[in-house]
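The values are calculated or read from the model by the stated rules, or taken from the named source; none is laboratory data. Predicted, not measured: the structure shown is a model, and the values here were computed from it. Here Cβ is always computed from backbone atoms with ideal geometry, including for glycine, and neighbour counts include all displayed protein chains.
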Amino acid sequence: MKVLVRADASVDVGSGHLMRCLTLADQLRGERAEVAFVGRDLPGAMFDLLQIRGYRFEKLPLPEAGKDPQQFDGEETIKAVERLFPDGLEWLVVDHYELDVAWERMLRPHARKLMVIDDLANRPHDCDLLLDQNYYRDLDWRYQKLVPEQCITLLGPAYVLLRPEFADARQRLRARDGTVRRILVFFGGSDSTNQTQKVLEALKLRERPDIDVDVVVGSANPHRNTIQGLCDELSNVTFHCQVSNMAKLILNADLGIGAGGAAMWERCYLGLPTITVVFAVNQERTTEDVAEIGAIEYLGWSDQLDSEDYAQAVTRMLEDTQRVRQISNAALGLVRLGDTTLANVMQRIILEPNTIGMDSPLCIRSMA
């Protein structure tokens with residue numbers, strides 16, 4: 001299969017869209033698909049990571065003044081498709097909150113199938129396959145009337161995109177007894193409101209040199225040099241930048257502190273009880289719903305928190321081992337993955353379109 005992914009990363013947007021698409025791209029490459037990326041040329045776009053991982057890509061210019069952004073984006077994406085895949089595409093995958101049915105209809109003639117990755121359920125789509133890997137109380141109804149009748153929808157954490165290292169780590173899970181000996185701090189690739197520094201200041205306030213801390217930042221984090229300096233001042237803190245062993249770090253930790261979004265599912269899958277905050281509207285609803293079933297400790301909006309808020313939250317968790325164990329168990333129960341990958345599903349839709357339906361072993365639902 002030939003597959004093109006349209007997704008952005010930036011200091012403002014974060015890295016979540018691109019990273020989950022990279023996970024999908026790796027799955028597809030394992031099925032011998034040829035995958036390329038298209039993204040806007042923004043600060044923190046992470047094209048260097050695509051290059052390191054061996055993927056071709058095209059940089060899209062920013063919209064010209066006076067032009068409709070979706071129209072402009074669509075026109076430029078079509079040019080990129082023709083340059084990258086002159087013989088045509090099997091799949092176009094789009095993971096972008098600013099693009100909707102208008103953009104998708106422009107691109108329809110340039111790919112056999114179109115897939116949308118979404119979290120918001122706030123706009124119509126014209127697609128053959130839609131993935132929303134988040135947990136919501138009203139999961140089954142969120143995309144009703146927003147997708148075509150024949151669209152296959154994959155909804156919920158059963159379809160979350162995780163790298164193979166996480167499945168391997170799940171096989172090596174240890175029982176967490178609720179005692180916190182090691183903390184993992186990670187607020188996504190960019191951490192635009194610099195929550196990492198607030199947490200480091202909070203840990204200094206509590207003076208617990210007996211607890212080891214791993215601090216992870218992305219390469220797009222504009223504060224990474226300052227954060228590294230703060231980590232160097234604390235003997236029990238280890239600084240990591242743009243890691244490839246996140247599953248191991250989660251496995252070794254007893255408590256997490258981090259953002260909602262894609263990283264939340266990595267932590268839940270490995271049962272890490274986590275103090276969780278939100279950075280954006282798309283994270284709020286699912287984070288609240290996950291907190292309601294007890295799978296995280298929800299602290300609120302990141303820009304409304306200070307170091308003392310984090311210090312108090314950490315203290316509450318350190319003093320309540322039963323609560324820590326309960327969160328861990330709830331998180332483990334929330335994310336259970338099957339043996340079939342999304343790449344397998346995409347391949348079957350192309351090669352065996354009549355085998356995907358209501359009776360699929362994936363329990364795929366067609367939203368009418």
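A few points about this structure:
- Residues that are farther than 22 Å from I349 by Cα and crowded, with 23+ Cβ neighbours inside 10 Å within region 104-127 comprise just one, D119.
- Residue in region 136-153 that is within 30 Å of N245 (Cβ to Cβ), touching a residue at least 12 places away in the same chain (Cβ under 8 Å) and either surrounded by fewer than 23 Cβ atoms within 10 Å (Cβ to Cβ) or not hydrophobic (A, V, I, L, M, F, W, C) (or both) present: no
- Restricting the first member to region 313-336 and to residues that are assigned by TED's automatic domain parsing to the domain that holds I275 and free of Cβ contacts under 8 Å to residues at least 60 places away in the same chain, and the second to residues that are surrounded by fewer than 18 Cβ atoms within 10 Å (Cβ to Cβ) and part of a helix (DSSP H, G or I), the beta-carbon pairs closer than 8 Å and six or more apart or on different chains are R316/R323.
- E288 vs. criteria free of Cβ contacts under 8 Å to residues at least 12 places away in the same chain, part of a helix (DSSP H, G or I) and either acidic (D, E) or touching a helix residue (DSSP H, G or I) at 6+ places or on another chain (Cβ under 7 Å) (or both): yes
- When R56, R83 are screened for being surrounded by 13 or more Cβ atoms within 10 Å (Cβ to Cβ), among the basic types (K, R) and more than 19 Å from L130 (Cβ to Cβ), only R56 passes.
- Looking at region 169-281, the helices (runs of 4 or more DSSP H) lying wholly inside it that each contain 3 or more residues that are out of contact with any Pro (no Cβ under 8 Å at 6 or more places or on another chain) and among the aliphatic types (A, V, I, L, M) sit at 195-206, 246-252, 262-269.
- Residue within region 302-315 that is β-branched (V, I, T), modelled with pLDDT of 95 or more, crowded, with 16+ Cβ neighbours inside 10 Å and under 19 Å from L120 (Cβ atoms) present: no
- Screening P209 against (1) more than 24 Å from the chain's Cα centre (by Cα); (2) closer than 26 Å to W265 by Cβ; (3) loosely packed, with under 14 Cβ neighbours inside 10 Å leaves a single unmet condition, (2).
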